[in-house]
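Undergrad: To start, I am sharing the structure in question, which I have written as structure tokens.
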Amino acid sequence: MTASGRSQFRRPESVLVVVYTQDLQVLLLERVAPEGFWQSVTGTLEWGEPADVAARRELFEETGIEAGDALVNCNRSYLFPILPAWRHRYSPDVIDNREYLYSIRLEREVPVRLNPAEHRQSVWLSCEEAANRVFSWTNREVIEEIAKGAGAHSKI
């Protein structure tokens, strides 16, 4: 820990927020690096920050979309190994990340405001196209559930 009481490393917990429309178009973002790395909204929880607060913050920071009360907690999380490209961000003894899943359904596609330091571009795709494009299996699984109208997503 640093003198401020915060670790110099990232917290090994993150959120995944799948944004989609009533007609099942899914918003994907392409990361600046590595090129071709497509995903839904994601982000690390800050130290002391609850997951739902992080989900709302990341959604707004990465897209300009305000969740209001439409954000749905999928009541699920996954533990997965941190990729080598990002290991330096975490304490040397940390090898896994806990990801909390959220979704938000919008009436229609909306313009997205990207942070050019994080993302190259955004695109709205059908569930099938989006599931085929995303890198993460957890991201793919949530998109496939949305397409089927399964789980927590059918409530939105």
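Undergrad: Of a type in the set (A, V, I, L, M, F, W, C), in a helix (DSSP H, G or I) and surrounded by fewer than 19 Cβ atoms within 10 Å (Cβ to Cβ) - does that describe any residue in region 36-43?
TA: No, there is no match, as no residue in region 36-43 is of a type in the set (A, V, I, L, M, F, W, C), in a helix (DSSP H, G or I) and surrounded by fewer than 19 Cβ atoms within 10 Å (Cβ to Cβ).
Undergrad: Which residue out of R56, R76 is under 16 Å from the mean Cα position of the chain (by Cα), under 18 Å from E144 (Cα atoms) and among the charged types (D, E, K, R)?
TA: On inspection, the qualifying residue turns out to be R76.
Undergrad: Here's something else I'd like to know. Counting just the residues of region 44-56 that are of a type outside the set (S, T, N, Q) and outside any helix (DSSP H, G or I), which one comes out nearest to L28 (Cα to Cα)? Outline the logic, then answer.
TA: As a first pass, look at region 44-56 and keep what is of a type outside the set (S, T, N, Q): 45-56.
Those still in the list that are outside any helix (DSSP H, G or I) too: 45-50.
Working: L45: 20, E46: 23, W47: 26, G48: 28, E49: 25, P50: 24 Å.
Filtering first and then ranking leaves L45.
Undergrad: For the structure I just gave you, tell me whether A54 is among the small types (G, A, S) and over 21 Å from C127 (Cβ atoms).
TA: yes
Undergrad: Any idea which residue in region 50-97 is nearest to V142 (Cα to Cα), counting only those that are among the charged types (D, E, K, R) and touching a residue at least 24 places away in the same chain (Cβ under 8 Å)?
TA: Pass one, region 50-97, residues among the charged types (D, E, K, R): 52, 56-58, 61-62, 66, 69, 76, 87, 89, 93, 96.
Going one step further and asking which of them are touching a residue at least 24 places away in the same chain (Cβ under 8 Å), we end up with 52, 58, 61-62, 76, 89, 96.
Working: D52: 17, E58: 18, E61: 21, E62: 19, R76: 10, R89: 26, D96: 20 Å.
Per the criteria, the residue is R76.
Undergrad: Being buried (at least 17 other Cβ atoms within 10 Å of the Cβ) and in a loop (DSSP other than H, G, I, E, B) is the filter; apply it to region 83-113 and report the residue that is modelled with the highest pLDDT.
TA: Here the answer is V112.
Undergrad: Related question: Residue pairs, Cβ under 7 Å, 6 or more apart or interchain, first in region 131-155 and hydrophobic (A, V, I, L, M, F, W, C), second at pLDDT below 90. List them.
TA: I146/H153
Undergrad: Follow-up. Please work out which residue is farthest from S136 (Cα to Cα), limiting yourself to region 1-22 and to residues that are modelled with pLDDT of 95 or more and of a type in the set (D, E, K, R).
TA: Here the answer is R11.
Undergrad: Output yes when any residue across region 46-64 is surrounded by 14 or more Cβ atoms within 10 Å (Cβ to Cβ), touching a helix residue (DSSP H, G or I) at 6+ places or on another chain (Cβ under 6 Å) and not basic (K, R), and no when none is.
TA: Checked region 46-64: no residue is surrounded by 14 or more Cβ atoms within 10 Å (Cβ to Cβ), touching a helix residue (DSSP H, G or I) at 6+ places or on another chain (Cβ under 6 Å) and not basic (K, R).
The values are calculated or read from the model by the stated rules, or taken from the named source; none is laboratory data. Model, not experiment: these values are computed from the prediction. Glycine also receives a Cβ, built like all others from the backbone with ideal geometry; neighbour counts cover every protein chain displayed.
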